[in-house]
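Written out below as C-alpha cells is the structure these notes cover.
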C-alpha cells in the first residue's frame with residue numbers, strides 16, 4: 001500500500017523538514033506545498049495579506065492531484081489549517097493521513113522571524129493561528145510537539161504509519 005501523508009501545521013512548525021525526512025524514510029516522494037501556490041497567492045503573502053478560502057481551494061485541489069500522480073509513498077507539507085481544507089484533501093486522496101506539528105505562537109513567530117530568503121512574513125503567523133482548527137478528534141491524525149527533536153517526531157511518525165490506515169487510534173506522541 002502506498003502511504004499518503006500530509007505533514008501539517010502553521011508556518012514555522014517544521015512541516016517541510018519533517019515531511020522531507022519522512023518521504024526519505026518511506027523511500028517516497030516529497031511535495032513542498034508552498035512551491036505550488038499560484039503567483040497571485042505568493043504575491044499576497046509577500047505583501048503580508050493572508051490567503052482566504054478561495055485562494056486555497058484550487059491550491060488544495062492541485063496538491064491532491066500531485067499526490068495522486070505518484071504510485072508510491074507520497075508526503076506533502078501543507079498548512080491544512082482548517083478542517084474543511086483537510087476534508088477537501090481527504091475527499092480527493094484515498095487513505096490520507098495527517099501528522100500535525102503542534103507549536104505555540106511565540107515559538108512559531110521566533111522561527112519565522114529568523115528565516116532568511118523565505119517569502120512568508122512573520123506578520124502572518126498570528127493570522128495562521130487565528131485560522132487554525134487543530135485536528136484533534138479527527139481520524140487518521142498523529143499530533144506531535146514541534147519543539148521536540150526532528151528524530152523524535154520522525155520516529156513517532158514512522159511507528160504510527162506502520163499501523164494500517166483506518167485501524168489506528170488518534171495518537172498524541174509523548175512530549
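The values are calculated or read from the model by the stated rules, or taken from the named source; none is laboratory data. If you're wondering where the values come from, they're calculated on a predicted model, not measured in any experiment. Every residue, glycine among them, receives a Cβ derived from its backbone with ideal geometry; neighbour counts consider all protein chains shown.
Could you please find all residues in region 69-104 being over 15 Å from the mean Cα position of the chain (by Cα), more than 23 Å from residue 150 (Cα to Cα) and surrounded by 14 or more Cβ atoms within 10 Å (Cβ to Cβ)?
If the condition is that a residue be over 15 Å from the mean Cα position of the chain (by Cα), more than 23 Å from residue 150 (Cα to Cα) and surrounded by 14 or more Cβ atoms within 10 Å (Cβ to Cβ), then 70, 92, 95 are the ones that fit.
Taking residue 112 as meeting all but one of (1) under 14 Å from residue 4 (Cβ atoms); (2) buried (at least 20 other Cβ atoms within 10 Å of the Cβ), write down the number of the exception.
The single condition residue 112 does not satisfy is (1).
Does residue 144 count as in contact with a helix residue (DSSP H, G or I) (Cβ under 6 Å, 6 or more places away or on another chain), at pLDDT below 95 and crowded, with 21+ Cβ neighbours inside 10 Å?
When the stated conditions are applied, residue 144 does not pass them.
Among the residues of region 26-44 satisfying the criterion of being touching a helix residue (DSSP H, G or I) at 6+ places or on another chain (Cβ under 6 Å) and in a helix (DSSP H, G or I), which is surrounded by the most Cβ atoms within 10 Å (Cβ to Cβ)?
For region 26-44, the residue satisfying everything is 33.
Please tell me if residue 5 is touching a strand residue (DSSP E or B) at 6+ places or on another chain (Cβ under 7 Å) and either within 29 Å of residue 148 (Cβ to Cβ) or part of a loop (DSSP other than H, G, I, E, B) (or both).
So residue 5 fits the description; yes.
Would you check which residues across region 147-159 are crowded, with 19+ Cβ neighbours inside 10 Å and free of Cβ contacts under 8 Å to residues at least 40 places away in the same chain and list them?
Once the filter is applied, which keeps residues that are crowded, with 19+ Cβ neighbours inside 10 Å and free of Cβ contacts under 8 Å to residues at least 40 places away in the same chain, region 147-159 yields only 156.
Can you confirm whether residue 12 is on the phi > 0 side of the Ramachandran plot, in contact (Cβ under 8 Å) with a residue 60 or more places away in the chain and either crowded, with 17+ Cβ neighbours inside 10 Å or part of a helix (DSSP H, G or I) (or both)?
Here the answer is yes, as residue 12 does meet what is asked.
Does residue 21 satisfy the criteria of being out of contact with any strand residue (DSSP E or B) (no Cβ under 7 Å at 6 or more places or on another chain), within 20 Å of residue 109 (Cα to Cα) and touching a residue at least 24 places away in the same chain (Cβ under 8 Å)?
Here the answer is no, as residue 21 does not meet what is asked.
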